[in-house]
Amino acid sequence: MNTFDTNFEKQKIAIEYTLRGLASIDKNYSKVLRAFEIAKTYHSGIRKDGKTPEFKHQLNIVGSILNYREMLIDPIGTLIAALMHDVIEDYSKGSKVWDKEEERERLSGLPFYNTDDLRREFGDAAVQSNNCLSKVINGFKKEPEQYFFEMGYNVSALIAKSEDRDDNLNSMYSVFTIGKQKDYAMEVFKYFIPALKEGEKNHPEQAQVYQMLKSRLKRKAQSVLDMVKTFEDIGFDLSLTVEQNVSLKNKEG
């Protein structure tokens, strides 16, 4: 096992034991533990970089939320939303993952995980948060304005989504094209910041969390845009990844 794998296993164990400790004090955290087990079971693959465990993304998000859980209106619902929305998006019936032979082999024996399963295990509030986090509902794709407007009224969804984008900003450098990195950063200013301001207005009890997320996302998004500007100035192709551009430049040189 290499250092990367060791760190991932340590992070997974640490978060699981934190949740177990919380569940021993508040039995409602057993629901979060159940969501943790489901997410761990389905997110057993590798991310697009070909080396990072898929579940690392969820661990990063949950680990961050746990740091400020006492400032949340519904910490349990927020943690469940963070763990479960990708399960529904990626592993429900009709999701594209089931079309890939290698993924079907990895998921052998696991059933589809659909909204009805989510409701049965975690209740209507979890479904409402998931629906806010889903860009497509019943075949209808939400416009970005509607998508972020709905999240601004949900006590859990916008926080989970903001942490999701924060982790993507941290991990996308070697995977996304430069153009997609730019788009992700610009979306922070166009959609996330206004939505977080709306969330702060709608749920003042957790205003400090929205303010913290705004500050963190702004800082990281601006850093990405500054980096992209540097790449544009040296003539990199935005439709390629950084690595592809470097390879192309080396061939030309």
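Things worth noting here:
- Residue list for region 144-175, filter: hydrophobic (A, V, I, L, M, F, W, C) and not in a helix (DSSP H, G or I): Val155, Met172, Val175
- Identity of the residue in region 205-226, without any contact (Cβ under 8 Å) to a residue 40 or more places away in the chain and in contact with a Phe, Trp or Tyr (Cβ under 9 Å, 6 or more places away or on another chain), that ends up nearest to Ser174 (Cα to Cα): Gln222
- Given (1) surrounded by 16 or more Cβ atoms within 10 Å (Cβ to Cβ); (2) touching a Ser or Thr at 6+ places or on another chain (Cβ under 7 Å), number of the condition Ile46 does not satisfy: (1)
- Only residues that are assigned to a helix (DSSP H, G or I) and farther than 12 Å from Leu66 by Cβ were counted across region 15-41, and they come to 14.
- Unmet criterion (only one of (1) at pLDDT below 95; (2) closer than 19 Å to Asn168 by Cβ; (3) within 18 Å of the chain's Cα centre (by Cα)) for Val62: (1)
The values are calculated or read from the model by the stated rules, or taken from the named source; none is laboratory data. It should be emphasised that the depicted structure is a prediction, and the values quoted were computed from it without experimental measurement. Note that each Cβ is placed from the backbone with ideal geometry, even for glycine, and that neighbours are counted across all protein chains shown.
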